[in-house]
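The values are calculated or read from the model by the stated rules, or taken from the named source; none is laboratory data. If you're wondering where the values come from, they're calculated on a predicted model, not measured in any experiment. Methodologically, a virtual Cβ is constructed for each residue, glycine included, from the backbone with ideal geometry; neighbour enumeration extends over all protein chains shown.
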Amino acid sequence: MCRRVQGIPDTPAGDGMNRKSHWDSIYAGKKPDEVSWYQTHLEKSLQLIMATGAGKSAPIIDLGGGASTLVDDLLAAGYTNLTVLDISAAAIRAAQERLGENGKRVNWLVADVTQVSLPPAHFDIWHDRAVFHFLTDAEDRRRYVRTVDQAVRPGGHVIVATFGPRGPLKCSGLDIVRYTPEQLHEQFGGDYELHCSITEDHVTPAGKHQDFLYCHFRKQ
């Protein structure tokens, strides 16, 4: 059930870093199902994507999708216009090897979301599970939102998942920013309607519990 919320308090800021080399080293040293954010099926993400009502040919981008299994399930559900963007070429290769021939049905991009140029007003759905909370620098967050502004069509859907208020303070050796629904909405601003939010108690492959927050925004 989605929980409707209002209010926009402040969020903290942090320091930037060389993200690409860090994530390449993570995926070089661990199998995809060994990283803390791994799920066999991203059920909450699938639930929110399907709830948008977008058609199976709608352009969808999975940000930080890398080795995630979401693209597998979207293909299996009949979605045909999929883009996966990740900063790590190693993560992309892992997904391509897993999918085999099906991987040829996906547009793969190795890029940093704070620097990438995407087709303007192209995507119906923007999905991000666990990228935004790594952007501890305020300017990186502004660049991220500008990319969303440019790449998502008016009326499109933006689904972002971060650590919630009770989530960890670090992940994969990096500081993160935890969010309430109101705080995450504030990052995107008034051009985005906060349609709903849901939470998840994610259990990592190591058995630890992590508080995740999913927000579904609609671009005005």
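A few remarks follow.
- Evaluation of Asp62 against (1) over 23 Å from Gly155 (Cα atoms); (2) surrounded by 15 or more Cβ atoms within 10 Å (Cβ to Cβ); (3) of a type in the set (Asp, Glu) (one fails), failing number: (1)
- Val203 vs. criteria of a type in the set (Val, Ile, Thr), within 21 Å of Leu42 (Cα to Cα) and touching a residue at least 40 places away in the same chain (Cβ under 8 Å): no
- Of all residues in region 99-134 being over 12 Å from the mean Cα position of the chain (by Cα) and in contact (Cβ under 8 Å) with a residue 60 or more places away in the chain, the one that is farthest from Glu200 (Cα to Cα): His122
- All of His157, His133 fail the test of being touching a strand residue (DSSP E or B) at 6+ places or on another chain (Cβ under 9 Å), within 20 Å of Gly66 (Cβ to Cβ) and surrounded by 23 or more Cβ atoms within 10 Å (Cβ to Cβ), apart from His133.
- Members of region 65-110 that are at positive phi and crowded, with 20+ Cβ neighbours inside 10 Å: Gly66
- Only one of His185, His127, His195, His133 that is closer than 24 Å to Leu75 by Cβ and either outside any helix (DSSP H, G or I) or at pLDDT 95 or above (or both): His127
- The one condition in (1) buried (at least 17 other Cβ atoms within 10 Å of the Cβ); (2) within 19 Å of Asp124 (Cα to Cα); (3) over 15 Å from the mean Cα position of the chain (by Cα) that Tyr214 fails to fulfil: (3)
- Selection of first residues in region 81-93 that are without any contact (Cβ under 8 Å) to a residue 24 or more places away in the chain and of second residues that are among the small types (Gly, Ala, Ser), restricted to Cβ pairs under 9 Å at least 6 apart or on distinct chains, gives the following pairs, ordered by first then second residue: Arg93/Ala67.
- Within region 95-119, the set of residues being within 11 Å of Gly65 (Cα to Cα) and small (Gly, Ala, Ser) comprises just one member, Ala95.
- Which numbered condition Leu48 fails, given (1) surrounded by 14 or more Cβ atoms within 10 Å (Cβ to Cβ); (2) assigned to a helix (DSSP H, G or I); (3) at pLDDT below 95: (3)
- Qualifying residues in region 161-211 (those that are among the aliphatic types (A, V, I, L, M) and surrounded by fewer than 19 Cβ atoms within 10 Å (Cβ to Cβ)) - the one farthest from the chain's Cα centre (by Cα): Ala206
Rundown of residues vs (1) touching a Phe, Trp or Tyr at 6+ places or on another chain (Cβ under 8 Å); (2) over 16 Å from Ala54 (Cβ atoms), yes/no style:
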position: Val71; (1), (2): no, no
position: Asp112; (1), (2): no, yes
position: Arg153; (1), (2): yes, no
position: Ile159; (1), (2): yes, no
position: Gly164; (1), (2): yes, yes
position: Ile176; (1), (2): yes, yes
position: Tyr179; (1), (2): yes, yes
